[in-house]
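Some notes on the structure that comes next.
The values are calculated or read from the model by the stated rules, or taken from the named source; none is laboratory data. Here the structure is a predicted model, which means the values were calculated and not measured. Glycine also receives a Cβ, built like all others from the backbone with ideal geometry; neighbour counts cover every protein chain displayed.
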Amino acid sequence: MTKTHPRHTLHPQLAERIRKVPGKPAEDLTARDFDPLTEPYGPHEDWELAIDDREVPGPETPIPVRVYRPAEPASSPRPCLVWMHGGAWVGGDLDMPEAHETARGVAGRADAVVVSVDYRLCSAEVRFPAPHDDVLAAYRWVRDHAADLGIDPARIAVGGASAGGNLAAGAALRLRDEGETPWQALLIYPLVHAPLPEPSDELAAALAKLPPPFRLPTEYLDQVFDPYLGDVPIEAAPPYAFPGLAKDLSGFPPTYIDNDEFDYLRSSGELFTDQLRSAGVDVEQALSTGALHGHLNLVGLDTAHATLDRMADRLRKR
């Protein structure tokens, strides 16, 4: 695979929007301050899909899922992606672009079925392994209902973005251990290590070019883990919570990892790529140049479309 050499230049559309965000430190900003960044960059894509909201059995409560299927009948069972949105384990839902637009875009491009999972979000009452257990239950429901969903049970992938990528990777690791290895894993800007690995010199140089609102203090990054782990210290986190801590990754499913160029979490995605390769896993890595963390939430951005193209290509051709 040809190595991508970053230029450390923000995507021009992103750079234009970033100039509209108040130039305050990240800890002083509110979600409303970032509204200019998340407004659509282009029209929503038009796909002929049947979209169905369901509830599937969960370990404690029913799990809402949304099933996306191409409207045209298929001559043979389709591949499937079980998909998890991000949101730092505490936010996000089936309607956010990273869930809805990603599922629509992949299903349409790949002529595949996508099942988007509304796992339990962490709170004072909900901690790991609750969301992890929900993902496992949803994956197994999809596999057990493959015929009803029109999918090939041998071609069910797991995938997710950011915290959803963490959950997808953790589920893949546990399924491997229980003799149910998924077909493949699609991990988009995932966070799979705790603490976050130190950035390479190249990544540090990229992060240094970010405007002040996007420079995250170390204490903020450390706090991201608290709602997920609760009272469990980071050094005691189990591998299913952070798969990059696993001592043995051999037998992990073939994996696609897509990292953002200007993203603190890129250090985790890059290290996980190296770990998988060292374990003999078939892994493909892509770098979304010019992009900030979470680019699948930016509707109409060409960088998001390119990631969806690569994800769909994995489902079509693998």
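Numbers at a glance
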item: Positions within the stretch 76-110 being surrounded by 22 or more Cβ atoms within 10 Å (Cβ to Cβ) and touching a Cys at 6+ places or on another chain (Cβ under 8 Å), in sequence order; result: Trp89
item: Residue tally, condition in contact with a strand residue (DSSP E or B) (Cβ under 7 Å, 6 or more places away or on another chain) and either free of Cβ contacts under 8 Å to residues at least 24 places away in the same chain or more than 18 Å from Val283 (Cα to Cα) (or both), over the stretch 127-166; result: 14
item: Residue match in the stretch 185-206 (condition: more than 19 Å from Thr102 (Cα to Cα), more than 16 Å from the chain's Cα centre (by Cα), assigned to a strand (DSSP E or B) and of a type in the set (Gly, Ala, Ser)); result: no
item: Any hit, the stretch 154-175, residues being charged (D, E, K, R), over 30 Å from Asp28 (Cβ atoms) and in a strand (DSSP E or B); result: yes
item: Only one of Glu55, Glu60, Glu48 that is more than 30 Å from Ala130 (Cβ to Cβ) and either within 22 Å of the chain's Cα centre (by Cα) or modelled with pLDDT of 95 or more (or both); result: Glu48
item: Tyr119 vs. criteria touching a residue at least 40 places away in the same chain (Cβ under 8 Å), within 21 Å of Pro43 (Cα to Cα) and either out of contact with any Gly (no Cβ under 7 Å at 6 or more places or on another chain) or part of a loop (DSSP other than H, G, I, E, B) (or both); result: no
item: Enumeration of residues in the stretch 223-243 that are surrounded by fewer than 21 Cβ atoms within 10 Å (Cβ to Cβ), of a type outside the set (A, V, I, L, M) and not in a loop (DSSP other than H, G, I, E, B); result: Gln223, Asp226, Pro227, Glu235
item: Listing of helices (runs of 4 or more DSSP H) fully contained in the stretch 1-110 that carry 3 or more residues being without any contact (Cβ under 8 Å) to a residue 40 or more places away in the chain; result: 12-18
